[in-house]
Amino acid sequence: MRSEYDAAWVERAAQAYWRNTDTFKTVEDDHRPKFYACSMLPYPSGKLHMGHVRNYTINDMLARHLRMKGFNVLMPMGWDAFGLPAENAAMKSGVSPAQWTQLNIADMKSQMQPLGFAFDWSREVSTCDPQYYKWSQWFFLQLLEKGVVYKQTQTVNWDPVDRTVLANEQVIDGRGWRSGAVVEKREIPGYYLRITQYAEELLGAIDTLDGWPDRVRAMQRNWIGKTTGVRLAFSHQIRDVAGRLIEGGELWAFTTRVDTLMGVTFCAISPEHVLAKRALELNPDLEPLMTACRNKDFDEALGKLGVPCGFKVEHPLSREPIELWITNYVLDEYGEGALMGVPAHDERDFEFARQYDLPVRQVIAHEGDVYDPRNWSDSYARCEGRLVNSGIYDGLSVAQAAQAITTALVECGKGDRRTTWRLRDWGISRQRYWGTPIPIIHCKLCGDVPVPYSDLPVVLPDDCIPDGSGNPLLTHDGFRHVACPSCLAPALRETDTMDTFVDSSWYFMRYCDPDNHASMVGPGSRYWMPIDQYIGGIEHAVLHLLYARFWTRAMRDEGLVDFSEPFKSLFTQGMLLRESYSRKKADGSRQWFYPAQVAVEYDHKGRPIKAISLEDGLPVDIGGAEKMSKSKNNVVEPKEIIAKFGADTARLFTIFAGPPDQDTVWSDSGVEGAYRFLSRLWRFAHDCGARFDASDQLGESAESKRVRHEVHRLLQQINRDFERLQYNTVVSGAMKILKVLEGAKAANPTIVCEGMAILLQVLYPVTPHISHVLWGELGYAGVIHDSSWPMPDGDALTQDEVKMVVQVNGKVRGEIMIETDADHEAIRLRVSSDALLHKRLEGAVRMVVVPNRLVNFIV
């Protein structure tokens, strides 16, 4: 056995064994309980950083631990390979998105493999593989037949220079992020999925997701957004160009506070509302302000934008005229795209009214409160008190008023009780190239014709290179021009592609049957699904999880699966952070520096107070610890750590640095500490040289019993921490075991050997290479991967003697060894027999005992 730890040699040896024996290949096995552990699949951006290492090590620890406990564990890996970044990269490099993506997949896979993750690579899935997205197209057609997929016109952000649709995040101050052109709003047709028809079920089932974090469940509830209230109408006389009353002469709004109806002093609509568009037709001078409202997403810090559109509507009960405003804090996609403004009892309405000098009318009074129309108080929004300034409703409680006003609205035909949802149907059409083609053909004679199932997949051409002038499929004759499947006349293929969330809504099922070319899912899914533990970032807590839950239900209703929820338990890991340094440039952008390019000055408490660039000596801004990001030059690539310290050190640090569900700051010294621990472990194993012989007795000496007790006590704690995925304390427990064994000078060698076996087994999930090699070097039976998980020995946990701390007036003065569960008199005699302690007890008037832990004498 080598005397010093050589990480490179150790990791080559371990990985060669795993590769030669195909250790991590998984097959269905009805004789063992199954466990499906899955990390959210990554986007192949090209480079791994240590944040990725942390994420996948968490999953790897779970899988290895459960395999040793007898479970049949599936842990696959794949690639979320479609999406806009590949198109952006193509415009910069001139390399096709297909080629760029495949090169990145190969690169990232080559970076993952040295880390020793126990992925079953035989199940690898890539969403840009036609054999994968064929089934997304197939299911699209199935849902189209059932009416779950439908087509309607949608309003989008249109860049007239790049001739493409932009996501909201790509519109910056009303201009395209790339071209700088003023963005237009256009109405274009697109395909939608009726996720709203599952809204009630999706909401109700959240209460059954006991294995999910509470905050993620709350985020799901809030996004679905079920609200019960009243839908009411404000009459108007606004007519279109043909002289017809727009929307029948009714402006509809929804409110949960109908009790405040008599306090309405204005109404507001979104810039996309039909009345807003009519106002612009009648008064083109509104265009600049309308554009500002339309293109500036609402931000509390920036305030609210408002435009009086020149129209008035009629209060449904008092009949008084009410001014109509266009604002950026009313969203067209939420509710009716309109609201009734009650500034006296809604904080947003209050701020808007103060900003534009609109009336504030108090209609609810709280006993003991004096209403101040100049300053907002949270008490004004309370759902309690009695009505004032509300005519016939004065004096009613809030609840009584809500009932009476609702009844009046229903009786006069101006309102009804409604349940509304924040959730909207899922628009999946994207006017982009690098995505799953929508399997529709447009025929002038037959209309929109589904592609026959026998013609799937509709294969995306892989030779397109976007140049910023729009979707290249529009000019790709070989893809676009086809014969109509119905009449054989010349027709055009749909050039929109599917939202990439479609691809990620069911990939985890494809892992179960990756080679099944006859059906979307097969026997593997029936065996493995649902996922027992899903692991991913909190940034996916809403849309990805919600879409996956919906997609699973849609598959259930088509008879493809027999379950509704795809993920039994969910773990959201924290991010790995690192200090960031930057300098503002003349054009307003920022130049980011690598930490190695910066010299930092610290105060006496170790806090950074100043930083300069090593290149020019000029100051740079200290940005603090931020999420590792290539754009901010604060990533640490695993290959750097592996080359210097080895993969096990990289894995160990990312786990030991902090609780897995919390953000953790990168530390160079922490990495070095992890390496020193593994070196200590190797040296101890080398010096120990113990070999376990089943015929040996575990020893009866007091020292042997103490060592064995400490090891099994720590194992008990480690096992509890494994079960709750508190992996950082698993590592600290293992470090304590090594310290116990290092100090076991007088213990039976067999006791040390048993303790070493336990230590290697509990370390194996986090540092598998060194654990695998040392297991063999020390002569333990078989390979550690096939060993049974260690369990605490009840006899070892039972002590004849315990160590008790001795305190005097609450201050520690010494320790004693005494029989377990000794009575008070025995404890007093034992302490009195200690010459040093005896002197401190003169004048003691009372003794307080915490059994088997401490005794405190009150003097």
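FYI, it's all coordinate maths here, none of it is from the lab. This is a predicted model, so every value here is computed, not measured. Don't worry about glycine lacking a Cβ; one is built from the backbone with ideal geometry, like all the others, and counts go over all protein chains shown.
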statement: Treating only Lys and Arg (+1) and Asp and Glu (-1) as charged, each at its beta carbon, one finds that the range 550-619 has a dipole about its Cα centre, in Debye to the nearest 20, of 320
- prompt: How do 797-803, 259-265, 702-708 rank on mean C-beta neighbours within 10 Å, highest first?
  reply: 259-265, 702-708, 797-803
task: Give me the lysines in straight-line cross-link reach of Lys585: C-alpha distance below 29 Å, same-chain residues under 8 apart excluded.
output: Lys47, Lys92, Lys296, Lys610, Lys627, Lys630, Lys632
- prompt: Lys34: which lysines have alpha carbons under 18 Å from its alpha carbon, excluding same-chain residues fewer than 8 sequence positions away?
  reply: Lys25, Lys69, Lys568
message: With just the Cα atoms defining each centre, how far is the range 209-264 from the range 539-575? Give it in Å.
response: 28
query: How much length, in nm to one decimal, is gained on full extension between Gln597 and Ser318, taken as 0.36 nm per residue of separation minus their Cα-Cα distance?
result: 93.5 nm
statement: Farthest towards the positive end of the dipole of the range 652-797, among Ala781, Val730, His709 and with Cβ unit charges of +1 on Lys and Arg and -1 on Asp and Glu, lies the Cα of His709
statement: Expressed in nanometres to one decimal, the distance between label points 7 Å along Cα→Cβ at Asp425 and Arg2 is 6.4
- prompt: How high is the relative contact order of the range 801-858, given as a whole-number percent (alpha carbon pairs under 8 Å, six or more residues apart)?
  reply: 43
message: Can you tell me, using C-alpha contacts under 8 Å and at least 6 residues apart, the relative contact order of the chain as a whole percent?
response: 14
task: Based on a Kirkwood Rh over C-alpha pairs, give the Stokes-Einstein translational diffusion coefficient of the range 652-797 at 25 °C and viscosity 0.890 mPa s in µm²/s.
output: 156
- request: Return the calculated 222 nm mean residue ellipticity for the chain, to the nearest 500 deg cm²/dmol, obtained by summing -39500 (n - 2.57) across DSSP H runs with n ≥ 4 and dividing by the residue count.
  value: -10500 deg cm²/dmol
Fewest-first ranking of Met68, Met791, using other Cβ atoms within 10 Å as the exposure measure: Met791, Met68
Label-reachable residues, the range 443-464, where backbone N falls under 14 Å from a point 7 Å from Cys487's Cα toward its Cβ: 443-449
query: How big is the gap, in Å, between the Cα center of the range 746-783 and the Cα center of the range 349-422?
result: 71
- line: Two pseudo-spin positions, 7 Å from Cα along C-beta at Ala625 and at Leu854, lie apart in nanometres by 3.0
task: May I ask for the Rg/Rh ratio of the range 801-858, computed from Cα atoms with Rh as the Kirkwood radius, given to two decimals?
output: 0.90
task: Find the centroid of the Cα atoms in the range 784-800 and in the range 1-40, then give the distance between the two in whole Å.
output: 23
- prompt: What is the extension gain from Leu836 to Asn283, computed as 0.36 nm multiplied by their sequence separation minus the C-alpha to C-alpha distance, in nm to one decimal?
  reply: 189.4 nm
message: Treating only the Cβ of Lys, Arg, Asp and Glu as charged (+1, +1, -1, -1), what charge dipole size does the chain show about its Cα centre? Round to the nearest 20 debye.
response: 880
- request: Compute the relative contact order of the range 577-627 as a whole-number percentage, counting only Cα pairs closer than 8 Å that sit 6 or more residues apart in sequence.
  value: 43
query: Dividing the Cα radius of gyration by the Kirkwood radius, what Rg/Rh value follows for the range 370-469?
result: 1.36
field: Residues Phe71, Phe593 arranged by fewest to most Cβ contacts within 10 Å
entry: Phe71, Phe593
query: Which whole number in µm²/s is D for the range 69-203 by Stokes-Einstein, with the Kirkwood Rh taken over Cα pairs at 20 °C and 1.002 mPa s?
result: 114
- prompt: What full-extension length gain, to one decimal in nm, is calculated for Lys444 and His824 as 0.36 nm per residue of separation minus the Cα-Cα distance?
  reply: 127.1 nm
- line: Among Pro44, Val740, Pro530, the residue whose Cα sits farthest towards the positive end of the charge dipole of the chain, when +1 is placed on the Cβ of each Lys and Arg and -1 on the Cβ of each Asp and Glu, is Val740
Whole-angstrom Cα spans of the range 577-627 along principal axes, big to small: 36, 26, 17
field: Two-decimal Rg/Rh across the chain, once Rg and the Kirkwood Rh are taken from alpha-carbon atoms
entry: 1.04
